[in-house]
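The values are calculated or read from the model by the stated rules, or taken from the named source; none is laboratory data. Everything quoted here is computed from the prediction, not taken from an experiment. Quick reminder, even Gly has a Cβ in these numbers, built from the backbone with ideal geometry, and neighbours come from all protein chains shown. Each accessible area value is taken on the protein alone, full model and side chains, heavy atoms only, with ligands, DNA and RNA left out. Shrake-Rupley method; radii C 1.70, N 1.55, O 1.52, S 1.80 Å.
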Amino acid sequence: MDFALIDPETKNSVIFPVAPSQIKITIGTKTMSFEPIVLGSVEIPRGRQPIAFEVSGMLPKSSTPLGKRTSDFEPNEIVEKFESWSDAGPYGKKLRLVISETDWNLPVFFVSFEPTIEKAGGNIPYSLTLKEYRNFEVKEITNTQNVTQQKRKETKTMPKTYTVVKDDSLWTISRKLTGSGNKWPELWNLNKDKLKSKNKDLIYPGEVLTIPKEWLK
């Protein structure tokens, strides 16, 4: 299970060398604490308030012996990148939190990042707070004719291709077209040979994806 923060503008990403030791998720007034390994069984509720994540763990040096390391980023590299993202604007940098092997793939921004430099070893304990990013759109329907036209659009046959737009990911496209983000591997397997990036987590605006035939039924 890999934990990554991705900059959707530059496609740069930071993969945590090891999974966080603890994650606290707050939705409205409800707070839940998890060990990362159980996140795959936690469903993301619909019709909810934005999610806040409190993450804590250790950023180990590359020389620190570990059973499994998911990236070679040094602690100081991660701290520098996180601090630059945190300082980018009043709400920090808009990013995407991706947790592999789960449905957790959400736009987020930094609320706070607190690293603690240890004297020995160079490992850095940290606490990180993220909040789900929401785009606010105001839609005005002036009469019943607009409502009827909108319903007609919703009942149109699904197109056979999809053009990637900004902030899209395979997971979000899968959820948009099928109602479930878990079907993204079908989209990846069908299109991976023609995409600019061979990384399933990186797709670019303007790329045209072929929709699996099973999704058109």
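Residues checked against (1) of a type in the set (A, V, I, L, M, F, W, C); (2) closer than 20 Å to ASP2 by Cβ; (3) without any contact (Cβ under 8 Å) to a residue 40 or more places away in the chain:
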residue: THR163; (1), (2), (3): no, no, no
residue: SER174; (1), (2), (3): no, yes, yes
residue: ASN189; (1), (2), (3): no, yes, yes
residue: LYS196; (1), (2), (3): no, no, yes
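Residue count for segment 94-114, restricted to those that are in contact with a helix residue (DSSP H, G or I) (Cβ under 7 Å, 6 or more places away or on another chain) and either within 16 Å of LYS166 (Cα to Cα) or surrounded by fewer than 18 Cβ atoms within 10 Å (Cβ to Cβ) (or both): 4. Identification of helices (runs of 4 or more DSSP H) wholly contained in segment 116-217 with 2 or more residues that are in contact with a Pro (Cβ under 7 Å, 6 or more places away or on another chain) and either at pLDDT 70 or above or open to solvent by 80 Å² or more (accessible area, probe 1.4 Å) (or both) yields 184-191.
Yes/no matrix, rows are residues, columns are (1) among the hydroxyl-bearing types (Ser, Thr, Tyr); (2) under 15 Å from the mean Cα position of the chain (by Cα); (3) at pLDDT below 80:
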residue	(1), (2), (3)
ASP7	no, yes, no
LYS11	no, yes, no
PRO17	no, no, no
PRO20	no, no, no
THR29	yes, no, yes
GLY47	no, no, yes
VAL55	no, yes, no
LYS61	no, no, no
GLU77	no, no, no
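When segment 182-208 is filtered for residues that are of a type outside the set (Ser, Thr, Tyr) and within 21 Å of LYS94 (Cα to Cα), the ones remaining, listed by number, are ASN199, LYS200, ASP201, LEU202, ILE203, PRO205, GLY206.
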